[in-house]
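**Student:** I'd like to ask some things about the structure below.
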Amino acid sequence: MAADEQLKFTCRRTRRCREKLLAEMLYRDEGSGELYCKAGHCPKGKGDTQEALTQLQIENRRLREQVRGQTSDQDRLLNKVESLQEQLATALEIRDIEQPAPLGVSNSGKRSETVPLLLCSDWHCGAIVDPATVCGLNRYDVDIFHERAANLFRNTLRVVRMLRSTAQVSKCVIWLGGDLIDNWLHPDQVETQVLSPTQQLIECERAIVAGLDHLLEHGEFDQIIVPCSFGNHGRTTEKMRAGNAAATSYEWLMYQSLARHYRQESRISFDISSGNILYVDVLGHKLRFHHGDAIRYGGGVGGITIPLQKWVYRQDQGIRADHTFMGHFHQLTMGQNWSVNGSLIGATPYGMKLGFAPERPQQLLRCIDSERGFTISAPILTY
């Protein structure tokens, strides 16, 4: 076929360009699908001019972006230089700061009165803890009981001596908060213990007398106040009583014996509760003491905090207290207006069976200041 007879197509590069060209002189634009003449084949020169213009536009755009990038880098470098200059100027100013006058030591001569309050509860004298039953976390018997009780009073005086460096300490409160003996309430207690309930009572009383005598001899206290609350482990009945709980408690009997023992000692006074709740005023603060067994907690999220706060709220509807102290749960913890004591016995097979976190043997010491209210809180370790 002759060249002029070959199939030709129309170029649509522009509206005015309608040249008929051979297929090999055209290409199809991917975007529009139109046929455009290839570079060098446009009879009117439009393709060459447009391609050149496109290339120039692309190059122009590339150069503009490059300039913007260089300008941005230059700005960042300038900002960094300015920041370094500011830091250098600050360092030079710091070097020239005058030496401040020493703070000195306060010599006001006036020291507020502080009353330390030691919580003694959940000693469980007579209980036996075999290390094999608690994964080696604890061991407990009568000898260890006496050792920990002695350490409790010794370590308490160490804290008191530190308090006296900044405050006047002439009196203290020692709360005997119940469950001081383990008793024979369950078959496994009878099977594992070597002391009967009355023998446990005697050993417990010996430990308390030794501790109080230590405070009287070495504590330099003018007054020792001993509030006493009975617990659920000291009961002589199968079930805990309400109306005659004191009369059916080994611990209440022991408290009466202790008060009689110290009846000639003017520096020590006992406040023995005949009910489940005892109130004592210390430096203008009304304190509530309760062993804690009336609070029902069966586990769950939030721990004992929620049922404890509900119980405190309900008690405040009758007699409002500034702070509530209790034991029973073997978990040393504190809230805004309540404190829960730890234990002397430490981890037990019963507690681990119920899934409670094992806690080291410790008791809580809290301090009440005549000007600042509750100040220092310290766990008194006993091992």
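**Student:** How about the stretch 272-281: which of its residues are surrounded by fewer than 18 Cβ atoms within 10 Å (Cβ to Cβ) and either basic (Lys, Arg) or not in a loop (DSSP other than H, G, I, E, B) (or both)?
**Tutor:** 279, 281
**Student:** Please enumerate the residues belonging to the stretch 288-339 that are among the acidic types (Asp, Glu) and either surrounded by 15 or more Cβ atoms within 10 Å (Cβ to Cβ) or at positive phi (or both).
**Tutor:** 293, 322
**Student:** Separate question: Would you be able to say whether some residue in the stretch 208-224 is in a loop (DSSP other than H, G, I, E, B), in contact with a Phe, Trp or Tyr (Cβ under 8 Å, 6 or more places away or on another chain) and under 25 Å from residue 292 (Cα atoms)?
**Tutor:** no
**Student:** Within the stretch 89-103, which residues are modelled with pLDDT under 75 and not hydroxyl-bearing (Ser, Thr, Tyr)?
**Tutor:** 89, 91, 92, 93, 94, 95, 96, 97, 98
**Student:** Checking residue 106 against (1) farther than 30 Å from residue 226 by Cα; (2) at pLDDT 75 or above; (3) within 43 Å of the chain's Cα centre (by Cα), which test does it fail?
**Tutor:** The failed condition is (2).
**Student:** From the list 200, 256, which one is crowded, with 20+ Cβ neighbours inside 10 Å and in a helix (DSSP H, G or I)?
**Tutor:** Result: 200 is the single residue among 200, 256 that is crowded, with 20+ Cβ neighbours inside 10 Å and in a helix (DSSP H, G or I).
**Student:** Please go through (1) surrounded by fewer than 14 Cβ atoms within 10 Å (Cβ to Cβ); (2) closer than 20 Å to residue 120 by Cβ for residue 181 and return the number of the only condition it doesn't satisfy.
**Tutor:** For residue 181, the failing item is (1).
The values are calculated or read from the model by the stated rules, or taken from the named source; none is laboratory data. For clarity, every value in this text was computed on a predicted model and none was experimentally measured. Cβ sites come from the backbone with ideal geometry, for glycine too, and all protein chains shown count toward neighbours.
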